[in-house]
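Laboratory data are not the source of any read-out in this text; all were calculated from the coordinates shown. Quick caveat, the model's predicted, so the values are computed rather than measured.
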Amino acid sequence: MARQDLKGTLDRIGNELVRGFQIVALFVIGGTIVWSAGTDYLRMMSGGHARLDDILLLFIYLELGTIVGIYFKTDRLPVLFLLYVAITALTRFLAVDVKDLSMESVLVVTGAIFVLTLAVLVVQIGAAKFPMPGDSRNSPARIDAGQATHD
């Protein structure tokens, strides 16, 4: 009996330590995203203009910040937003370096964007067809059109 109580106590302490680490790490990551985005934004402002790659970089920061916010609120890593970050990063790479890339490289990057887009579709269909217990009807992982026709 005492052994089970000790195990339960240690499990609770371990869970609280992990949760505390997650909270601290999320604040550090969130602060780093804000700091990096602010630094890049100030660089754009001092330069007097923003290029397409600068704007896409701001979208990457936005998506990363959204990931941190969703993870903080739900304790779930939003896979869709990770896919969005990857698509935006590859699009930024393609837009900035297209003139320096070989045709094969352009095709590989374009193919990677296509595969990631298919992954977004699969994740959204899966989330619509097999919602997690406790998911709200307004979850960003659900397909809006699917809610209207299937619910």
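What is the extension gain from Ala95 to Ile125, computed as 0.36 nm multiplied by their sequence separation minus the C-alpha to C-alpha distance, in nm to one decimal? Intermediate values should be presented prior to the final figure.
Working: separation 30, 0.36 × 30 = 10.80 nm, distance 2.92 nm.
Gain in length upon complete extension: 7.9 nm.
What do you get when you divide the Cα radius of gyration of the chain by 2.2 N^0.38 Å, with N the number of residues? The partial results should precede the final answer.
On the way: Rg = 20.6 Å, N = 151, 2.2 N^0.38 = 14.8 Å.
The reported ratio for this selection is 1.39.
Run the helix sum for the chain: -39,500 (n - 2.57) per DSSP H stretch of 4+ residues, divided by residue count, reported at 222 nm to the nearest 500 deg cm²/dmol.
When only DSSP H runs of four or more count, the value is -28500 deg cm²/dmol.
What full-extension length gain, to one decimal in nm, is calculated for Met132 and Ser36 as 0.36 nm per residue of separation minus the Cα-Cα distance?
On the way: separation 96, 0.36 × 96 = 34.56 nm, distance 3.36 nm.
Computed gain between Met132 and Ser36 is 31.2 nm.
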Practice item. Treating cross-link reach as a plain straight distance, find the lysines whose alpha-carbon is under 24 Å from the alpha-carbon of Lys129, omitting any fewer than eight places away in the same chain. Key: Lys73
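Express in nm, to one decimal, how much length is gained between Gln22 and Lys73 on full extension, taking 0.36 nm for each residue of separation and deducting their alpha carbon distance. All intermediate terms of the calculation are to be shown ahead of the outcome.
Numbers: separation 51, 0.36 × 51 = 18.36 nm, distance 1.17 nm.
Taking 0.36 nm per residue and subtracting the Cα distance, the gain is 17.2 nm.
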